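Only the coordinates and a few stated rules stand behind these numbers; no lab work does. Bear in mind the structure is a predicted one, so any value in this text is a computation, not a measurement. Here the Cβ positions follow ideal geometry from the backbone for every residue, glycine too, while neighbour counts run over all protein chains shown.
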Amino acid sequence: MRSSKQWLPGLLVLMALIVAGCTSSNNSTSTNNNQTAAPKLQQIYRLGIVANDINSFDPGIASDKNSVEAVMMVFTGLVQLNDQLQVTPQLSTSYDLSPDNLTYTFHLAHNLKFSDGTPLNAQDVVYSLDRALSPTVAQQNSVTATYLGLIKDSAQRLGGQKKTLIGDSIKLLDPSTVSLTLSHPSPYFLKALTYPTSFIVEKSVIDKWGAKWTDHLSDRGGQGGAGPFVVKNYDHSTGIQFVANRNYSGPKPRLQEVDMNFYKTVNASYTAYQDSQLDQSSIPPAYDAQVEAKNNEFHRFNELSIDYIAMNYLYKPFDNINIRQAFALAINKDALTKALYNGLNPATCHIIPQGMAGYNPKLTCPDGAPTKGDSAKAQALFQAGLQQEKLTLATLPPIKITYESNSPLLDQEITVMRQEWLQVLGVTVTTQVIGFDALLQQLTTTVCTQSNLSKCQNKGLQMWAFAWGADYPDPQDWTSLQFGKGAPNNIWNYGQNLCTCAPDQQAVQQEMTTADSDFGSDRISLYQDAEQKLVNDVAWIPMFQRTGTYALKSYVTGVVDNSSTEIPPNDWSKIYITVH
Amino acid sequence: MVQFLVKRLIGLLFVVIGVTFITFIVGYKAPGDPIYSMLGFHFTPQAYRTLRHAYGFDLPWYKQYLRYLYNLFTLNFGLSYEYKNRAVVDILAGGIPVSLELGMWALLAQLLIGIPLGAIAALKANTWIDTLSTGSMLVLYIVPVFIVATYLQFVIVQGGQLTGIFWPATNWGTPWSYTWSNLQYKLVPILVYAATGAAYYARMTRTSMLEVLRQDYVRTARAKGLRENTVISRHALRNALLPLVTVGGVSVGFLVTGAFFIEDIFNIPGIANITLSSITYRDYPVIQATTVLLALAVVVGNVLSDILYTVVDPRIKVG
């Protein structure tokens, strides 16, 4: 008699085949680069954001990194940056520039909609831009002038002297055409326009909810913006959940949900990442090496941010170029970054950082020295400077460096530099450690606004440590904005001082001004030439370019590292979770 | 009792006013300018003047304080400096339920773990049970709570990586919800938070019980032929708990301070975490509001323990 179990193996095989067939038809089996996408229910991307909450969800107000990241999920604008930091059309399909380079005319794409299905047209664009320039909105962030200040009469609008710029420099030509008129030709205007300040917002939502409108972004299945996602839920304590915007005009995201989870500290965020509660997290510096060992989870990118030491040209002895160069060459930046940052933040002499348009790989440090400095040259330059000023080490004016408190790494950095200045040059540099807002306050008294420059001599700060991060990916942000004639950031008084080198500096400023309105191919080379001269003049002592690191689970595919740290809206269609 | 309550409430009012004045003056006199912090790199004199007026910083200090006091009593704590257009009361409303839940369960755990352990240790005094109990409570009492928390997180994470079994090491889940996934979030922070307090209650209970067990009325109860369980529960334990009632009020203060570590390490979005970040960002309206709240919690805790004491011990009269 046959065993009743003989048919069982065959049945099991048959069942397995049936199950496999059913499974493969229900799951997502789209593949990309041999990476099988996980089922739809697993297409949830969980990010750790180190913050208690974002500061604002309002594109007209958001100015910090975390708020901008959230805003870019839900809102978008006429143009955007791609992952190469190039300007690409977004809500507009094209733009024209008038012959005098003053007026941009944007042509909107057809059938644009806000996330709730409400049609989006040129009326919404002009409303959003004018709203961003209104004093009520602009006073809450103070960045509007940076990004929209090129629009003609924007200063009057910001100051409240003009009630609106619609019909003035912001024109609605027809339901799908908008023109913006600038105060002067600016090749970098489109890059500035990619910042969230210019994003389009839904007027009806703002009219209904007033100042609290961003608390209602999840109403009606998502409203308020035209970005790739909508807000599903926003808990100010725990985080934001986004789901794909079905009315998005660009390629739809593949992810079903993106969760931005708030973590108070980077340690807590990374613990959650290790515990598989997150798919992406910042890395505490102590864990960088550990995560880097897991190569497929470690990501590093150049931030568009430079730490520098500044010296006031109107404060002795820093009106002497040789002495400035001596201070720069006395520092071994390579050793510093190795000791403090495990080499993570590369030493630099650049003012325009790597990854930024206009970056010059051939730029040389002052006097051709390497980033590790040159003690012998520093000493020679210092002696030459002392002779020129008829000074000795004993009669050298006291030198004090000011920097922000609550920054242990910066404190160590300054301590090492002071030791090097003492060892190499024999100069004792004292310190003034103050809070960030006190530092800002003192900086406003450092820039000379007097026509008689001698009244500003030895006033304000003498030497200080600071940093600059890109407003937009254009070399103008690093050159003219920092060192140009009358530039608001020209706190070090470049070109407006009593140095014999001032006329040469003014020539550099003129070169930058020419580049600012040059729409031709010479523009970048003009900025690069100006940058080399600025470096030779030691306009700054650039120290390091910051490097960002983060951990990303290997099953998340499609994320492209770029220096802006933001994911372009259309790139969300390339990001998904693979089977794991 | 009513007279007593009224007196304590009036005292509470003065304490609150005192706390508000101190926090206001500290914030007012603290170095730095919050408007500069807000504006950051993009400071302009015009923006500075506008914001300064919007926040009322151009008023004399006493007018600022009076306005603050008035707003306080109408539960208007003002707007956050850090989070644009967010009322402080909205920020606190997110954190209070979480901290209340955490504190409540931690207090309960302290009592439910500490008191029985202490009682058992007393009843089994000078045995290995007593030694084990006392020793472990001593360790929990000595080791700082942030060490225990960090170590347990490490164990959870490493255990998860080794076994593939997921257990959350951070966050709190949904407040006041007790599904299994939410319980997983809450269990470890509550137990860690309760550890030091449980150890303290255990030691206090042991000491108090030993004292009570030596009393004549306990000997009399035994002599009357009552069962040992009845002697312990009705006579000994009840009297042994009296000192713990006064300790209970003080322990609210410890709960408040301990919360700073627990909420920070486990990323729990409670009041303590809000306070810590508001200090970092010099968000004075939030700092002032949370300081007043925390001071209130301590004071109310003390008042409650005074009242409870009179309820538990009829020999004590209020007023």
ask   = Each residue of region A:93-109 in turn: what ³J(HN,Hα) in whole Hz from Karplus with 6.51, -1.76, 1.60 and θ = phi - 60°, glycine and Pro shown as x?
value = 9, 7, 9, 10, 10, 5, x, 8, 6, 9, 10, 9, 10, 9, 10, 6, 5
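Which entries of A:316/A:533; A:65/A:485; A:377/A:400; A:212/A:252; A:40/A:191 show an alpha-carbon separation above 25 angstrom in the structure shown?
Working: A:316/A:533 21 Å; A:65/A:485 29 Å; A:377/A:400 23 Å; A:212/A:252 28 Å; A:40/A:191 36 Å.
Violating the 25 Å Cα-Cα cut-off are A:65/A:485; A:212/A:252; A:40/A:191.
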inquiry  = How far apart, in nanometres, would the label points at residue B:52 and residue B:310 be if each is projected 7 angstrom from Cα along the Cα-to-Cβ direction?
reply    = 5.3 nm
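For chain A, what does the alpha-carbon gyration tensor say about shape, rounded, prolate or oblate, given a ≥ b ≥ c as the root eigenvalues, a/c under 1.5 as rounded, and a/b over b/c as prolate? Show your work: numbers first, answer last.
Working: a/c = 2.41, a/b = 1.47, b/c = 1.64.
Verdict is oblate for chain A.
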inquiry  = Once you order the gyration tensor axes a ≥ b ≥ c over the Cα atoms, which shape class does region A:409-486 get: rounded for a/c under 1.5, otherwise prolate or oblate by comparing a/b with b/c?
reply    = oblate
key: Backbone HN-Hα couplings from phi across region A:432-447 [Karplus 6.51/-1.76/1.60, Hz, Gly and Pro as x]   = 9, 10, 9, x, 4, 6, 5, 4, 4, 4, 5, 5, 5, 8, 8, 5
Partner aspartates and glutamates for residue A:362 [C-alpha distance under 13 Å; skip if fewer than 8 residues away on the same chain] = A:529, A:531
query = For region A:328-392 and region A:289-316, what is the separation of their C-alpha centers, rounded to whole Å?
reply = 16 Å
key: Amide proton proximity set for residue A:543, modelled H, under 5 Å, gap of 5+   = A:307, A:308, A:309
key: Under 13 Å from residue A:333, Cα to Cα: aspartates and glutamates that are on another chain or at least 8 residues apart   = A:307, A:374, A:413, A:420
ask   = Once amide H atoms are placed 1.01 Å from N in the peptide plane, what residues at a sequence separation of 5 or more from residue A:446, or on another chain, have their amide H within under 5 Å of its amide H?
value = A:461
ask   = For region A:471-498 and region A:183-213, what is the separation of their C-alpha centers, rounded to whole Å?
value = 25 Å
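Cα gyration tensor of chain B, axes a ≥ b ≥ c as square roots of the eigenvalues: rounded (a/c below 1.5), prolate (a/b > b/c) or oblate?
Numbers: a/c = 3.15, a/b = 1.61, b/c = 1.95.
It is oblate, given that a/c is not under 1.5 and a/b is not larger than b/c.
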message = Just to check I understand the Karplus step: with θ = phi - 60° and J = 6.51 cos²θ - 1.76 cosθ + 1.60, what whole-Hz values come out for region A:210-226, glycine and proline as x?
response = x, 5, 8, 4, 6, 7, 10, 5, 8, 5, 6, x, x, 8, x, x, 10
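From other protein chains only, count the Cβ atoms within 10 Å of every residue's Cβ in A:257-266, then give the mean.
For peptide A:257-266, the averaged partner shielding equals 3.
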message = If amide hydrogens are placed 1.01 Å from N in the peptide plane, which non-local residues have theirs closer than 5 Å to the one on residue A:90?
response = A:79, A:80
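Counting only C-alpha contacts under 8 Å and six or more residues apart, can you give the relative contact order of region A:369-470 as a whole percent?
On the way: 81 pairs, mean separation 32.7, N = 102.
Relative contact order for region A:369-470 comes out at 32 percent.
Rounded to the nearest 5, what % of DSSP beta bridges with both residues in chain A are antiparallel?
75 percent
Return the average number of partner chain Cβ atoms within 10 angstrom of each residue Cβ along peptide A:176-186. All intermediate terms of the calculation are to be shown ahead of the outcome.
On the way: counts 0, 0, 0, 0, 0, 0, 0, 0, 0, 0, 0.
Counting Cβ atoms of other protein chains within 10 Å of each residue's Cβ and averaging gives 0.
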